[in-house]
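Structure, as structure tokens:
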Amino acid sequence: MALPAGADSQKSQLTRRQFVRLTVVGGATLVWTSGCQDAPPPEPAMMPVPRFLTDEERQGLAVLADYVLPPDDQPGGAALGAVEYVEALLTALEYDPPRLLADGPFSDRNPIPLPDGSPSNVYPENSFRRFLPLTREQLLSWRLQLYGSADVPGGGPNDGLLGPTLGFRELCRQGLAQARQLAGRPLAKLEAGEVDDVWRKLRPDFLGLVTELVIAAAFGAPEYGGNRDSAGWKMIHVEGDVLPQGYSFYNEQTGRYQERPDLPISTKDLRPDPDPMDAETILHLEFVVRVLGGRTSP
Amino acid sequence: MSDTIIGNKALDRFDALIIGSGPAGSAVASILCQNGRKVLVLEAGPNYFEGLDDPRPDRPLNHFSGDEIKSRRGLVDPMLAICPRSYRTSEADGERLGVGTYEVLPQTVGGGSTFSDLKFPRFTPTDFELGSRLPAIPDANFADWPISYAELEPFYTYVEYTSGVQGLDGSDPNQPPRSKPYPMPPGVPQYGGLLIAEGARKLGYTLFPAPTCINSRPYRGRPACQDCGMCGGFGCPINAKGSAAVGSLRTALLSGNCQLHSQTRVLRLVQKSGQAEIAAVEAVLPDGSRRMFTADRYILACNAIEDARMVLLSAPGGLGNSSDLVGRNLTLHAKLVAFGIFNERVHCHRSRSSTFFMTDFRGVPNDPLHPLGGIVETSGNGTPISEAIQYWSQLRVPVGPRLKAMMRQGVGRDRGIAMSLFHEDAPQLKNRVDLDPRLRDINGTPGARLTYGPHPFEQAAAAAYGPKLLDIMMAAGAKYAALLPEGELPGTVHLHGTLRFGKDPKTSVCRPDGRFHDIGNLYACGGALFPTGSGYSPTLTIAALATRVAAAMIFPGSPERALPAI
């Protein structure tokens, strides 16, 4: 997709109240007005109003988030928004539509290209701030996932075979309580080395859930509450959702694809490697390759 | 979100009822509707397209995006409660070894193709003749297809042109005969793929631009791909992928002869009392209530696992199962992945999932020096959440500073390239789909149980080609290369067999035209019919075969006559 010639006359953000989306279909640029609600969408990273976790639980979760991704010269799990991400997930069904599946097609992080492929100053409306309604089956599944068999009428479909499902909410509550008990005081009062002992003794299902949630918070779209200011993406040198700009551009005037000089697809990166593999990574990979019976170049 | 009923809502009598709107069901709908037949399509999942039945040229729009969280939260693969499955390697394992979402395909309008990276190779002529070309192999059940490559060729061409495939004629040394060139040239190649291509060339192998159903220029009202990098596992926000919804179902809907009900899950087929015919299907509606739908013909177009499950749910022992073959001969392709890590950043995550294929390891039937393998796909395309979870859960990288360092250094995503051999697995009677005796989905319906164990046939190919894949990786300049350990199931989501078609009702479930031998108005049309799975990604062949099944309903003697001009 591209802007029509001349559309870049001033820096602008297309809003829902104006024309919200420009789409190129078969070479023709068409302007489409969203037929959806007129109210401005809520700010994505704002604190969810319904809360599930207590202040102490939130502080404890922040400690664990920083254990999974510790702060250094770049933010850690907590500063990236892991607590807000988890709280938003645990309370997602208290919103209508539930805050589980963000809409598309574009965020407002990348510009619409001009007809020659260069970036314009025009950005699409951020549709990630809206959320999609769930189907009856998705809603039932998420109720089971978040609240567990106990809060679903009739229980889960396979409670008899697999045992009742422990919902994410209750698992977080129980896991944080266990961590508090192991620590003997609020987690926030532990010294850095002491978190290690607590982490190793956590129930494995909670440990696995926290790890996955902190990772998703750090490296997922910011509209879910984590990855604050896209700092998680910047830290690992990825661009996130790159449309409508993309990494390539088909120029209809020339009939050829163009690549971005800064982020090429088919050629070597010109910029120096921002984070080369370090000695520990190399040791780890050599170990893995040995275990798998693979090969290492001399 | 779109209305759950779209298309011609005035229709109330149907020539055909299609269960499933993926590549198979959409292909059938397109052909029947363009030939004036009235068609009802029932899709279990939601419709994420807006205006799929709206003729305006800027439609359809959709709700997809480069959002990894959304993809992981049940937008793509149905959640466990919706599509629970169990698994065991053989009956000796007891009722089951585990419960999970094994080999599940997306349930949504457009089916798996909506979120697929849409690799679109054709099968080759010998793939249709393995029953004759291979000697008898103990415990394997190879069979010829009842149709030849030549008979399917016009349907391949039709699908390639209507859905839009990019590729380069003559670049595959094993390219099957084609009546027309690819409709579009290849798009931008991956840098990492070019490195592998050069390494392979030094060793005498040929990588060639991957035929994929993704626009490399504006095509039939849809734009060119912009290489957003979020391809496999993501719906295409700009509809540059020719997935089933935009590639064929839209044609059916715009004809005025099609009505599509999404979020409408068929629970069972209802047989006419005392007759070998289907009278109706019972479905659960978006609000949870149930109703019957009727038509003259009924077409199973879910996928090989769900089609078999549907037949088994509909009568004790399965409908139309005098052969006792319903659910059997399930093939999934075996998968062998060689992963290479380069010192430099090769940034495969900036493009379509796979831009190069290699067919040098497809092998030759009955040649011990060249065992039958399959296609090799070269790809990268990692996304950061799955990358981090893989470091932690598979590479045993501890959380903390090491996990963060691995992510910053982009070891797997930015320096890694995979060469994946998807190779032919032997059909086996004991590899099958049946109903788990105790597992239930959210609607209270029994879930599918997969019984699947490997055969020495495909293990021989893995042993022969694994070291050669590593040779290529090292020749390409990888610092490290290893074959990844295989999972309990191959996880290919290439689903075939279970309702195999053939001429003899004793050795097949369906006839060469797709109709059940035993039931007058019931058809299968997709991967379930495949007697063998070949060694190639199946989606194009699924769509081409379904197109032919539909065309044969219009002109049984010469189905190609039912093809509209392309």
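The values are calculated or read from the model by the stated rules, or taken from the named source; none is laboratory data. Nothing here was measured: the structure is a model prediction, and the numbers come from that model. Neighbour counts run over all protein chains shown; Cβ positions are idealised from the backbone, glycine included. Please note that ligands, DNA and RNA were not included when accessible areas were found on the heavy atoms of the full protein model with its side chains. Shrake-Rupley method; radii C 1.70, N 1.55, O 1.52, S 1.80 Å.
Before we move on, is B:Asp425 under 27 Å from B:Gln107 (Cα atoms), away from every other protein chain (no Cβ under 14 Å), open to solvent by 20 Å² or more (accessible area, probe 1.4 Å) and modelled with pLDDT of 95 or more?
Criteria not met by B:Asp425.
Report, by residue number, each residue of the range A:47-79 that is within 11 Å of another protein chain (Cβ to nearest Cβ) and not acidic (Asp, Glu).
A:Leu64, A:Ala65, A:Tyr67, A:Val68, A:Leu69, A:Pro70, A:Pro71, A:Gln74, A:Pro75, A:Gly76, A:Gly77
B:Ser314 fails exactly one of the following numbered conditions: (1) farther than 29 Å from B:Lys479 by Cα; (2) buried (at least 24 other Cβ atoms within 10 Å of the Cβ). What is the number of that condition?
Against the list (1) farther than 29 Å from B:Lys479 by Cα; (2) buried (at least 24 other Cβ atoms within 10 Å of the Cβ), B:Ser314 comes up short only on (2).
So which residues in the range B:175-201 are assigned to a helix (DSSP H, G or I), open to solvent by less than 40 Å² (accessible area, probe 1.4 Å) and at the interface with chain A (Cβ under 10 Å from one of its Cβ atoms), if there are any at all?
Result: B:Tyr191, B:Gly192, B:Gly193, B:Leu195.
From the list B:Leu435, B:Leu439, pick out the single residue that is open to solvent by 10 Å² or more (accessible area, probe 1.4 Å) and either within 30 Å of A:Gln138 (Cβ to Cβ) or within 14 Å of chain A (Cβ to nearest Cβ) (or both).
That would be B:Leu435, the only listed residue that is open to solvent by 10 Å² or more (accessible area, probe 1.4 Å) and either within 30 Å of A:Gln138 (Cβ to Cβ) or within 14 Å of chain A (Cβ to nearest Cβ) (or both).
Just for the range A:234-274: of the residues that are polar (S, T, N, Q) and farther than 15 Å from B:Gly187 by Cα, which one is surrounded by the fewest Cβ atoms within 10 Å (Cβ to Cβ)?
So, considering only residues that are polar (S, T, N, Q) and farther than 15 Å from B:Gly187 by Cα, the one surrounded by the fewest Cβ atoms within 10 Å (Cβ to Cβ) is A:Gln253.
Take the range B:206-239 and flag every residue that is more than 12 Å from chain A (Cβ to nearest Cβ), aliphatic (A, V, I, L, M) and either surrounded by fewer than 24 Cβ atoms within 10 Å (Cβ to Cβ) or in a strand (DSSP E or B) (or both).
B:Leu207, the sole residue that qualifies.
Mind listing whichever residues of the range B:75-132 are open to solvent by less than 20 Å² (accessible area, probe 1.4 Å), assigned to a strand (DSSP E or B) and not basic (Lys, Arg)?
B:Ser86, B:Tyr87, B:Gly98, B:Gly100
List the helices (runs of 4 or more DSSP H) that sit entirely inside the range A:164-279 and contain at least 2 residues that are away from chain B (no Cβ under 12 Å).
Because the criterion is at least 2 residues that are away from chain B (no Cβ under 12 Å), the helices (runs of 4 or more DSSP H) in the range A:164-279 that meet it are A:168-183, A:192-201, A:204-219.
Can you tell which of B:Gly98, B:Gly94, B:Gly131 is out of contact with any helix residue (DSSP H, G or I) (no Cβ under 9 Å at 6 or more places or on another chain), within 12 Å of chain A (Cβ to nearest Cβ) and modelled with pLDDT of 95 or more?
Step by step, each of B:Gly98, B:Gly94, B:Gly131 is checked, and only B:Gly98 is out of contact with any helix residue (DSSP H, G or I) (no Cβ under 9 Å at 6 or more places or on another chain), within 12 Å of chain A (Cβ to nearest Cβ) and modelled with pLDDT of 95 or more.
Just to verify a result, which residue in the range B:381-405, among those that are in contact (Cβ under 8 Å) with a residue 40 or more places away in the chain and within 11 Å of chain A (Cβ to nearest Cβ), is surrounded by the most Cβ atoms within 10 Å (Cβ to Cβ)?
Within the range B:381-405, the match that is surrounded by the most Cβ atoms within 10 Å (Cβ to Cβ) is B:Pro384.
So which of A:Ala231, A:Ala217 ends up being open to solvent by less than 10 Å² (accessible area, probe 1.4 Å) and either touching a residue at least 12 places away in the same chain (Cβ under 8 Å) or out of contact with any Ser or Thr (no Cβ under 6 Å at 6 or more places or on another chain) (or both)?
A:Ala217
Which ones in the range B:144-174 are in a loop (DSSP other than H, G, I, E, B) and in contact (Cβ under 8 Å) with a residue 40 or more places away in the chain?
Of everything in the range B:144-174, those that are in a loop (DSSP other than H, G, I, E, B) and in contact (Cβ under 8 Å) with a residue 40 or more places away in the chain turn out to be B:Asp144, B:Trp145, B:Pro146, B:Ile147, B:Val165, B:Gly167, B:Leu168, B:Asp172, B:Pro173, B:Asn174.
For the range B:472-486: of the residues being surrounded by fewer than 19 Cβ atoms within 10 Å (Cβ to Cβ) and not hydrophobic (A, V, I, L, M, F, W, C), which is modelled with the highest pLDDT?
The residue in question is B:Gly477.
Being within 20 Å of B:Pro538 (Cβ to Cβ) and out of contact with any helix residue (DSSP H, G or I) (no Cβ under 8 Å at 6 or more places or on another chain) is the filter; apply it to the range B:487-497 and report the residue that is surrounded by the fewest Cβ atoms within 10 Å (Cβ to Cβ).
B:Gly487
When residues of the range B:321-370 are filtered for being outside any loop (DSSP other than H, G, I, E, B) and either more than 14 Å from chain A (Cβ to nearest Cβ) or closer than 14 Å to B:Ile196 by Cβ (or both), how many remain?
Residues in the range B:321-370 being outside any loop (DSSP other than H, G, I, E, B) and either more than 14 Å from chain A (Cβ to nearest Cβ) or closer than 14 Å to B:Ile196 by Cβ (or both): 14 in total.
Being facing chain B (nearest Cβ under 9 Å), in contact with a strand residue (DSSP E or B) (Cβ under 7 Å, 6 or more places away or on another chain) and either of a type in the set (S, T, N, Q) or buried (at least 18 other Cβ atoms within 10 Å of the Cβ) (or both) narrows it down to one of A:Pro124, A:Pro113, so name that one.
When all the criteria are applied, what remains is A:Pro113.
For the range A:197-214, give me the residue count where each residue is open to solvent by less than 10 Å² (accessible area, probe 1.4 Å) and within 19 Å of B:Gln390 (Cβ to Cβ).
Total satisfying the criteria: 3.
Can you confirm whether A:Leu283 is in contact with a Gly (Cβ under 9 Å, 6 or more places away or on another chain), open to solvent by 10 Å² or more (accessible area, probe 1.4 Å) and not small (Gly, Ala, Ser)?
no
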